[in-house]
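Have a look at the structure below before the remarks.
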There are 2 protein chains.
Amino acid sequence: MVAALKPTRSNARIRRKLLRIPGMIARDLGVQIVSGRFKPGEILHGEIETSGRLQVSRAAYREAVRILAAKGLVKAFPKVGTRVTPQAQWHLLDPDVLGWIFEFDPDETLLANLFELRRMVEPEAAALAAARRTPEDLAAMAAALKGMSRYTLNSKAGREADQEFHAALLRSTGNAFVESLTAGVGAAITWTTIYKGMHSPRLRDSVPDHQKVYEAVAAQDQAAAREAMGNLVELALRDTTDARRMSKRGQSK
Amino acid sequence: MVAALKPTRSNARIRRKLLRIPGMIARDLGVQIVSGRFKPGEILHGEIETSGRLQVSRAAYREAVRILAAKGLVKAFPKVGTRVTPQAQWHLLDPDVLGWIFEFDPDETLLANLFELRRMVEPEAAALAAARRTPEDLAAMAAALKGMSRYTLNSKAGREADQEFHAALLRSTGNAFVESLTAGVGAAITWTTIYKGMHSPRLRDSVPDHQKVYEAVAAQDQAAAREAMGNLVELALRDTTDARRMSKRGQSK
DNA sequence: TCCGTCTATTTGTCAGACAAGATAGCGCCG
DNA sequence: CGGCGCTATCTTGTCTGACAAATAGACGGA
């Protein structure tokens with residue numbers, strides 16, 4: 001629930017600076033939908049009722065619903081209401097939707113699916129990057145690599161460097177569609193780190209794996225880049241599932 | 001330009017039944033943005049001005065802008081206006097954005113990029129499908145295949161069967177993220193067909209290629225499925241670029 | 001020269017009203 | 001009695017006009 005949405009002054013700082021009211025509501029509803037609180041086929045409560053309950057204008061609430069509709073999560077019809085669409089129609093690779101899905105403990109299957117996609121795309125992306133990377137791309141990857149080893153994944157800066165490494169690699173494919181998968185890769189990486197940090201105290205150092213990818217890309221060796229990145233994703237997946245399994249067992253849930 | 005947007009009655013039927021006013025405006029602006037008519041960094045005209053010019057209420061226009069913002073095409077700030085975001089932030093795999101990009105003669109590079117993505121994903125998807133397909137999946141693919149050979153790509157039904165074949169295959173991976181790439185694959189297929197139909201009178205029959213994929217999936221032979229689908233995409237790409245080159249040369253442009 | 005303030009402009013939000021579309025139930029007619 | 005069409009009604013769709021909030025840029029003071 002949104003609770004006290006009207007930010008007279010108190011939560012004005014808490015709310016992300018750039019999230020206006022419709023954005024907040026959309027995020028809120030979006031999370032409830034992707035987390036199963038609202039199931040496909042269900043119909044959201046009426047606009048007047050909901051906007052009244054949230055103490056926002058109907059226009060603001062409508063803009064929120066429009067955002068969700070733009071991401072394929074809902075569809076609105078007169079008289080029938082705003083219905084949650086089946087998952088097959090959701091724009092799962094939309095950065096916001098991804099964020100909502102993985103905001104809280106995400107569905108195990110979906111995380112596995114996301115890794116499957118990484119496994120398909122990233123090795124080939126590395127091969128493309130090896131063929132097309134510019135000196136600037138290389139510099140960005142080198143800088144990210146340096147950041148990873150300097151700060152480690154235990155610090156925010158280190159984790160951001162990890163993300164940036166993969167982002168730079170996808171960017172250097174020169175393929176706009178591949179680049180648009182950055183958010184998806186980032187989400188998978190985030191949860192790998194979270195699970196590893198949560199329960200396996202001694203996390204395997206992933207810098208050497210990244211280093212190998214970097215070297216292959218730098219040497220413009222497509223086959224080696226593909227191979228190294230394949231390894232990296234494979235290991236990341238294993239680490240994630242292992243850590244997750246331990247974590248689940250630990251909390252006996 | 002939207003021209004006469006106010007549908008007193010005349011164009012009420014012409015406008016796609018399910019496209020409300022904000023949807024129409026969003027599509028219109030979206031096409032102008034992805035086609036380069038509005039360039040990244042540029043600022044859209046003010047809300048009052050634009051909504052006035054289009055003869056719609058400001059609320060309706062705002063909902064349209066919200067849709068575009070949800071797809072990453074624009075960002076709005078008070079005082080500064082609504083700015084077109086750099087292409088790297090666009091949600092290129094959003095079905096609507098894809099549709100807008102490929103609505104008219106699309107950028108050659110982008111089409112090539114889309115094929116690159118297909119080349120990465122679809123063979124592995126075929127392998128996954130071979131491992132996981134249910135009898136129902138298989139039936140759907142068989143039906144689509146039958147439709148392709150019965151109606152050929154010269155008819156609408158045949159083209160839809162082609163799309164459905166690939167959609168069914170992606171669906172049978174059991175991977176929601178892979179499935180969400182259906183729109184992207186579909187867009188690529190559409191333009192392959194268009195280019196082939198446009199200038200190469202004798203288009204290579206692609207049914208045997210699809211048949212091979214189907215048989216491998218039916219036999220649960222992952223390697224064969226991967227191989228067959230790799231071939232199919234490769235040939236489709238070659239057909240597309242060939243046909244396009246001929247077409248361009250033909251119209252001496 | 002630099003920094004804080006002030007203003008103007010743009011988007012953000014609100015409020016209430018009416019229009020349009022779709023469902024369901026009612027009633028007419030066969 | 002059963003099928004068909006009309007109407008009542010409910011929900012989203014759209015319009016209008018107003019005020020609030022945020023910020024870029026100008027202005028003025030230290």
With the first residue restricted to segment A:127-151 and required to be closer than 22 Å to A:Asn175 by Cα, and the second required to be assigned to a helix (DSSP H, G or I) and basic (Lys, Arg), Cβ contacts under 9 Å at 6 or more apart or on different chains are A:Ala127/A:Arg226; A:Ala129/A:Arg171; A:Ala130/A:Arg226; A:Asp137/A:Arg171; A:Ala140/A:Arg171
Return the total of residues in segment B:18-45 being touching a strand residue (DSSP E or B) at 6+ places or on another chain (Cβ under 7 Å) and either free of Cβ contacts under 8 Å to residues at least 12 places away in the same chain or not hydrophobic (A, V, I, L, M, F, W, C) (or both). 4
Which condition from (1) farther than 20 Å from A:Arg62 by Cβ; (2) within 11 Å of DNA strand C (Cβ to nearest atom); (3) surrounded by 16 or more Cβ atoms within 10 Å (Cβ to Cβ) is the one that B:Phe77 breaks? (3)
For residues that are hydroxyl-bearing (Ser, Thr, Tyr) and assigned to a helix (DSSP H, G or I), scanning just segment A:38-70, find the one that is nearest to B:Gly184 (Cα to Cα). A:Tyr61
Is it the case that segment B:12-22 has a residue that's modelled with pLDDT of 95 or more and either of a type in the set (D, E, K, R) or away from DNA strand C (no atom under 12 Å from the Cβ) (or both)? yes
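Which is more than 10 Å from chain A (Cβ to nearest Cβ), in a helix (DSSP H, G or I) and surrounded by fewer than 24 Cβ atoms within 10 Å (Cβ to Cβ), of B:Leu138, B:Leu110?
On the way: B:Leu110 fails: more than 10 Å from chain A (Cβ to nearest Cβ).
Going through B:Leu138, B:Leu110 in turn, the sole match is B:Leu138.
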Restricting segment A:71-82 to residues that are in contact with a Ser or Thr (Cβ under 9 Å, 6 or more places away or on another chain) and away from DNA strand D (no atom under 11 Å from the Cβ), which is farthest from B:Gly184 (Cα to Cα)? A:Leu73
Based on this model, can you work out whether A:Thr85 counts as more than 18 Å from the chain's Cα centre (by Cα) and either more than 18 Å from B:Asp94 (Cβ to Cβ) or within 16 Å of DNA strand D (Cβ to nearest atom) (or both)? yes
Quick check on segment A:158-178. Is at least one of its residues within 14 Å of another protein chain (Cβ to nearest Cβ), under 24 Å from A:Arg244 (Cα atoms), surrounded by fewer than 23 Cβ atoms within 10 Å (Cβ to Cβ) and of a type in the set (A, V, I, L, M, F, W, C)? no
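For the condition more than 7 Å from chain A (Cβ to nearest Cβ) and more than 30 Å from B:Asn231 (Cβ to Cβ), what is the one hit in B:Gly81, B:Gly99?
Working: B:Gly99 fails: more than 30 Å from B:Asn231 (Cβ to Cβ).
Every option except B:Gly81 fails the conditions.
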Whether any residue in segment B:84-96 is small (Gly, Ala, Ser), part of a helix (DSSP H, G or I) and either facing chain A (nearest Cβ under 9 Å) or away from DNA strand C (no atom under 14 Å from the Cβ) (or both) is what I want to check. yes
Residue that is surrounded by the most Cβ atoms within 10 Å (Cβ to Cβ), among those in segment A:220-243 that are part of a helix (DSSP H, G or I) and of a type in the set (D, E, K, R): A:Arg226
Check A:Val207, A:Val121 and return the single one that is more than 14 Å from chain B (Cβ to nearest Cβ) and of a type in the set (Val, Ile, Thr). A:Val207
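Any idea how many residues of segment A:30-49 are within 22 Å of A:Phe104 (Cβ to Cβ) and either within 11 Å of DNA strand C (Cβ to nearest atom) or of a type in the set (Val, Ile, Thr) (or both)? I'd like the intermediate steps shown before the answer.
So the first thing to find is which residues in segment A:30-49 are within 22 Å of A:Phe104 (Cβ to Cβ), and the list is A:30-40, A:42, A:44.
Going one step further and asking which of them are either within 11 Å of DNA strand C (Cβ to nearest atom) or of a type in the set (Val, Ile, Thr) (or both), we end up with A:31, A:33-34.
Adding up the residues that qualify gives 3.
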Would you be able to tell me the number of residues in segment A:220-232 that are under 14 Å from A:Leu169 (Cα atoms) and of a type in the set (A, V, I, L, M, F, W, C)? 4
Taking segment A:19-70 and the residues there that are among the hydroxyl-bearing types (Ser, Thr, Tyr), more than 9 Å from DNA strand D (Cβ to nearest atom) and within 14 Å of chain B (Cβ to nearest Cβ), the one that is surrounded by the fewest Cβ atoms within 10 Å (Cβ to Cβ) would be A:Ser51
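The values are calculated or read from the model by the stated rules, or taken from the named source; none is laboratory data. All values derive from a computational prediction rather than experimental measurement. All Cβ positions, glycine included, derive from the backbone under ideal geometry; neighbour counts span all protein chains shown.
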